[in-house]
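K.L.:
Sharing a structure with you now.
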Amino acid sequence: MISMLHFGDSCEKSGESPVSHIIGLFNQASSQAKTTLTINLCYHLAQQGKKVLAVDMDTHAWLTKQMNVSPDEFLTTIYDVLVNQEPASIFSNDYQFDFIPANKQLSTLEAVLSQSNDRQFRLKKALMPFLKEYDYIMIDCPPNLGLLSVMCMVAVTHVLVPIETTEKGIQGAKDFLPTFQNVRQNLNKKLKLAGVIPTKYDGRRSHHKLKLETIHKSFSKAKIPVYPAIGLYTDFENAWDEAKPLAAYNSKHIAVNSLKKIAQELVDLQ
Ligand SMILES: Nc1ncnc2c1ncn2[C@@H]1O[C@H](COP(=O)(O)OP(=O)(O)OP(=O)(O)O)[C@@H](O)[C@H]1O
Ligand SMILES: [Mg+2]
């Protein structure tokens, strides 16, 4: 069941750390499992006792739809936060993490804010009040390098890059690197690349094996951590259709362990 939280409603942040990890899941290519991983990692971080907020920054609002409610039913969304600079309305879900929804109105943001000098900093500013409340803020980024993605890169401490084991996924990740450097140099000096996560990997396909090797070679050479690959499994689609994290759909699924481990590694992120 979805319910709206009033600021201060939620239980205390678990750790001692004064700074939340703010992690953007980004790949310029579409269908790389950004939304899937955002939701599943939020779920496992919450299971590990962390206080977690998910933020939907995609105009298609898939993260919001996966919370099992129509995006048009929300009276305030991330759009109101970014454009009208209203305090964010936070919602809770059945999986012990909170979220800020989006809907298709977000697609007008770029045009509406075109004259605003501070536009790139608006998400960062909007999340400030939540740093004391949450251990992790996980941002589901859109599959392009427009203003919404730049806002995400300015706001986050780390980027995690899911990469489908295909050429499209690899290119989407590589094409992002110059923008990453640029944002780090000019807009967010603390920005770090937490690593890449190969996704939808089918070890029976030689093509996938080859692409996984390429991912290891190219990113490890650049000293970018490569997480263990997440396999291609129909149960991810089945869980998606029921708007559930994989573990809530099938707690014994083999990929649940991989997701848990990645979530554990995020706890040690510097
Ligand atoms: N490991 C996996 N095995 C099989 N299917 C998967 C896996 N991971 C994700 N999927 C499926 O792939 C589809 C796309 O995933 P998702 O929406 O998370 O990608 P995305 O990168 O967020 O896409 P977009 O760029 O459109 O935002 C979904 O239907 C999801 O269920
Ligand atoms: Mg998505």
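The values are calculated or read from the model by the stated rules, or taken from the named source; none is laboratory data. Please read all numbers here as calculations on a predicted model, not as lab measurements. Quick reminder, even Gly has a Cβ in these numbers, built from the backbone with ideal geometry, and neighbours come from all protein chains shown.
K.L.:
Based on what the data block shows, is Ala173 over 25 Å from Lys217 (Cβ atoms) and buried (at least 21 other Cβ atoms within 10 Å of the Cβ)?
P.N.:
No; evaluated as a whole, the condition is false for this residue.
K.L.:
I would also like to ask the following. Please give the number of the condition Glu12 fails out of (1) at pLDDT below 95; (2) surrounded by 16 or more Cβ atoms within 10 Å (Cβ to Cβ).
P.N.:
With respect to (1) at pLDDT below 95; (2) surrounded by 16 or more Cβ atoms within 10 Å (Cβ to Cβ), Glu12 is out only on (2).
K.L.:
In region 134-151, which residues are surrounded by fewer than 20 Cβ atoms within 10 Å (Cβ to Cβ) and either within 12 Å of ligand 2 (Cβ to nearest atom) or not hydrophobic (A, V, I, L, M, F, W, C) (or both)?
P.N.:
Pro143, Asn144, Gly146, listed by residue number.
K.L.:
Take the residues of region 99-129 that are part of a loop (DSSP other than H, G, I, E, B) and free of Cβ contacts under 8 Å to residues at least 12 places away in the same chain: which is farthest from Leu45 (Cα to Cα)?
P.N.:
If we take residues in region 99-129 being part of a loop (DSSP other than H, G, I, E, B) and free of Cβ contacts under 8 Å to residues at least 12 places away in the same chain, then Gln115 is farthest from Leu45 (Cα to Cα).
K.L.:
Determine which single condition Val156 fails, assuming it passes every other condition in (1) aliphatic (A, V, I, L, M); (2) farther than 26 Å from Lys211 by Cβ; (3) touching a helix residue (DSSP H, G or I) at 6+ places or on another chain (Cβ under 7 Å); (4) surrounded by 18 or more Cβ atoms within 10 Å (Cβ to Cβ).
P.N.:
The number of the failed condition is (3).
K.L.:
Restricting the search to region 244-253, which residues are in a loop (DSSP other than H, G, I, E, B) and either touching a helix residue (DSSP H, G or I) at 6+ places or on another chain (Cβ under 7 Å) or crowded, with 19+ Cβ neighbours inside 10 Å (or both)?
P.N.:
Lys244, Pro245, Asn250, His253
K.L.:
Taking only pairs six or more apart or across chains, which ones have beta-carbon atoms under 6 Å, a first residue in region 215-240 that is farther than 15 Å from Asn27 by Cβ, and a second residue that is within 16 Å of ligand 1 (Cβ to nearest atom) and in a loop (DSSP other than H, G, I, E, B)?
P.N.:
So the pair list comes out as Leu232/Lys200; Leu232/Asp202; Asp235/Asn250; Asp235/His253.
K.L.:
Across region 229-243, which residue is nearest to Gly203 (Cα to Cα) among those that are loosely packed, with under 14 Cβ neighbours inside 10 Å and more than 6 Å from ligand 1 (Cβ to nearest atom)?
P.N.:
Of all residues in region 229-243, those loosely packed, with under 14 Cβ neighbours inside 10 Å come to 234, 237, 241-242.
Still in the running and more than 6 Å from ligand 1 (Cβ to nearest atom): 234, 241-242.
Details: Thr234: 15, Asp241: 24, Glu242: 26 Å.
Applying the filter and picking the extreme gives Thr234.
K.L.:
Next question, about the same structure. What number of residues within region 197-211 are crowded, with 20+ Cβ neighbours inside 10 Å and over 20 Å from Val256 (Cα atoms)?
P.N.:
2
K.L.:
Among the listed residues Val226, Val256, which satisfies the condition of being under 27 Å from Tyr95 (Cβ atoms) and either surrounded by 16 or more Cβ atoms within 10 Å (Cβ to Cβ) or out of contact with any helix residue (DSSP H, G or I) (no Cβ under 6 Å at 6 or more places or on another chain) (or both)? Let's see the steps before the verdict.
P.N.:
Details: Val226 fails: under 27 Å from Tyr95 (Cβ atoms).
Unique residue meeting the criteria: Val256.
K.L.:
Does His21 count as away from ligand 2 (no atom under 16 Å from the Cβ), under 22 Å from Tyr201 (Cα atoms) and modelled with pLDDT of 95 or more? Working first, answer last.
P.N.:
Details: away from ligand 2 (no atom under 16 Å from the Cβ): yes; under 22 Å from Tyr201 (Cα atoms): no; modelled with pLDDT of 95 or more: yes.
No: the conditions fail for His21.
K.L.:
Hey, Gln96 hits all of (1) in a helix (DSSP H, G or I); (2) among the polar types (S, T, N, Q); (3) within 21 Å of Glu133 (Cα to Cα) but one; which does it fall short on?
P.N.:
(1)
K.L.:
I'd like the full set of residues that are touching a Phe, Trp or Tyr at 6+ places or on another chain (Cβ under 7 Å) and under 16 Å from Val256 (Cα atoms), limited to region 36-51. Explain how you work it out, then say what you get.
P.N.:
Within region 36-51, the first condition is being touching a Phe, Trp or Tyr at 6+ places or on another chain (Cβ under 7 Å), and the residues that meet it are 36, 42-43, 45-46, 50-51.
Hits for region 36-51 are Thr36, Cys42, Tyr43, Leu45, Ala46.
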